[in-house]
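Colleague: Here it is, the structure, as structure tokens.
The values are calculated or read from the model by the stated rules, or taken from the named source; none is laboratory data. This is a predicted model, so every value here is computed, not measured. No Cβ is skipped: glycine too gets one built from the backbone with ideal geometry, and neighbour counts run over all protein chains shown. We work out accessible area using only protein heavy atoms, side chains counted, and drop any ligands, DNA or RNA first. Shrake-Rupley method; radii C 1.70, N 1.55, O 1.52, S 1.80 Å.
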Amino acid sequence: MSGFGEIAVSALICLGAFFLFVGSFGLAKLPDLMRRLHGPTKATTLGIGALLIASMLYFILEDEIVSLHELLITTFLFLTAPVTALMVAKAHILLDKEDQEKLPPTGREVGWSVLDAPQTHEAKKS
């Protein structure tokens, strides 16, 4: 492996470790669920993505083997982490009445989609 390849892999590993540390620290230290969500969904996802890309780059440069497993895992993580965070946030809003009262008005007939389902035609008639 060339010197540039070693530097690139090392930089990705250090970057990934930094983001994993920041995400884990945020998960442990932030005060409530809605703020605590950002640690694992933002920083930790970037950290594990950087580690997986470093692994893929290492095997390309060292063994000249293109391994798509790391790329597929990274893609899967980047697609599923935001969806998971959205579902956890929606569940929290549905269960926490204090947070429901803090939501601003929508300015429409229909409220927040998480809390107020749009009325059907039959419900409007009665």
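Colleague: How much mean residue ellipticity at 222 nm does the chain get from its helices, if each DSSP H run of length 4 or more adds -39500 (n - 2.57) and you divide by all residues, to the nearest 500 deg cm²/dmol?
Modeller: Dividing the helical sum by the residues of the chain leaves -23000 deg cm²/dmol.
Colleague: Let me ask something else about it. Just to confirm a number: summing +1 for Lys and Arg and -1 for Asp and Glu over residues other than Leu37 whose beta-carbon lies under 15 angstrom from that of Leu37, what do you get?
Modeller: Details: positive: Lys29, Arg35, Arg36, Lys42, Lys90; negative: Asp32, Asp96, Asp99.
Residues near Leu37 contribute +2 overall.
Colleague: Follow-up. Whole-Hz Karplus ³J(HN,Hα) for segment 60-76, in order, using 6.51 cos²θ - 1.76 cosθ + 1.60 and θ = phi - 60°, x for Gly and Pro?
Modeller: Going residue by residue, I get 5, 7, 7, 9, 6, 10, 8, 9, 8, 4, 5, 5, 5, 5, 4, 4, 4 Hz, with x marking Gly and Pro.
Colleague: Given the Cα-Cα distance of Thr75 and Ala11 and 0.36 nm per residue of separation, how much length would full extension add, in nm?
Modeller: Going from the current span to full extension adds 21.0 nm.
Colleague: Leaving out ligands and nucleic acids, and using a 1.4 Å probe, what accessible area per residue does segment 26-91 come to in Å²?
Modeller: Result: 64 Å² per residue.
Colleague: In addition: Explain nothing, just the number: dipole magnitude of segment 3-125 about its Cα centre with +1 on each Lys and Arg Cβ and -1 on each Asp and Glu Cβ, in debye rounded to the nearest 20.
Modeller: Rounded to the nearest 20 debye, it is 620 debye.
Colleague: With the full set of protein chains in place, find how many percent of the accessible area of segment 3-125 is carbon and sulfur; take the probe as 1.4 Å.
Modeller: Here it works out to 70 percent.
Colleague: On a full-extension model of 0.36 nm per residue, what is the gain between Ser2 and Val110, subtracting their alpha-carbon distance, rounded to one decimal in nm? Could the numbers behind the result be given before it?
Modeller: Numbers: separation 108, 0.36 × 108 = 38.88 nm, distance 6.03 nm.
Fully extending the segment from Ser2 to Val110 adds 32.9 nm.
Colleague: Rank by packing, highest mean first: peptides 91-98, 10-17, with packing defined as the count of other Cβ atoms within 10 Å averaged across residues.
Modeller: Details: 91-98: 11.8, 10-17: 15.4.
Descending packing order for the listed peptides: 10-17, 91-98.
Colleague: Enumerate lysine pairs in the chain that are 8 or more residues apart or on different chains, then count those whose Cα atoms are under 24 Å apart.
Modeller: Numbers: Lys29/Lys42; Lys29/Lys90; Lys29/Lys97; Lys29/Lys102; Lys42/Lys90; Lys90/Lys102.
Total qualifying Lys-Lys pairs in the chain comes to 6.
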